[in-house]
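Visitor: Please see the structure below; I have some questions.
The values are calculated or read from the model by the stated rules, or taken from the named source; none is laboratory data. Not measured: the values here are computed from a predicted model. Cβ placement follows ideal geometry from the backbone for every residue including glycine, while neighbour counts extend to all protein chains displayed.
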Amino acid sequence: MIDGMFDSGAMPALQRVIQFTQERHRVLAHNIANLSTPYFQARDLDPSSFQAALREAIERRRGGADPAAGPLELRDTRELRFLPDGIEAQSALVHRGVLYHDRNDRDLERTMQHLAENTMVHSSAIELLRGEFQTLSAAIRGRV
């Protein structure tokens, strides 16, 4: 019964979005920390491949007996391995085409843009998940 409350509706998708943005934030922060390191090449996680995997999992779940219930089973991608309690990520090199004299391909503006976009997606997913928990809490208290 309890499991059915947490793996139905939008909760599983929101949890996966939060896990992905958390991993991507780690990769982007690593890029910023090594911005002036000679020979450092930036890495990133591809949001579009994650979105495609999430979209496929949602479509498969919609085709089931109860379209809003059941676990959300994402298939592993080249960069991401989906575990029951998280995501294991292998970031890929980002080739920006410009190498500086120290063989570093830094691009602070683009990295900060990716970080800001990732932060907005993460914050939005957390707010939506918070709303799901508030609705669930109200239903448990009988105030729906």
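Visitor: Considering each of 127, 109, 117 in turn, give the residue that is modelled with pLDDT of 90 or more and over 15 Å from residue 25 (Cβ atoms).
Guide: On the way: 109 fails: modelled with pLDDT of 90 or more; 117 fails: over 15 Å from residue 25 (Cβ atoms).
Just one listed residue meets the conditions, 127.
Visitor: Turning to a different aspect of this structure: Considering the stretch 30-63 alone, what residues qualify as being farther than 16 Å from residue 94 by Cβ, without any contact (Cβ under 8 Å) to a residue 60 or more places away in the chain and in contact with a Lys or Arg (Cβ under 8 Å, 6 or more places away or on another chain)?
Guide: Selection gives 53, 54, 56, 57.
Visitor: I'm trying to understand the selection: among the residues of the stretch 58-77, which are at pLDDT 70 or above, assigned to a loop (DSSP other than H, G, I, E, B) and touching a helix residue (DSSP H, G or I) at 6+ places or on another chain (Cβ under 9 Å)?
Guide: 71, 72, 73, 74, 75, 76, 77
Visitor: Please go through the stretch 108-121 and pick out each residue that is surrounded by fewer than 17 Cβ atoms within 10 Å (Cβ to Cβ) and more than 13 Å from the chain's Cα centre (by Cα).
Guide: 108, 109, 110, 112, 113, 116
Visitor: If we scan the stretch 15-33, do we find a residue that is in a loop (DSSP other than H, G, I, E, B), buried (at least 17 other Cβ atoms within 10 Å of the Cβ) and modelled with pLDDT of 85 or more? Steps first, please.
Guide: Narrowing the stretch 15-33 to residues in a loop (DSSP other than H, G, I, E, B): none.
Scanning the stretch 15-33, I find no residue that is in a loop (DSSP other than H, G, I, E, B), buried (at least 17 other Cβ atoms within 10 Å of the Cβ) and modelled with pLDDT of 85 or more, so the answer is no.
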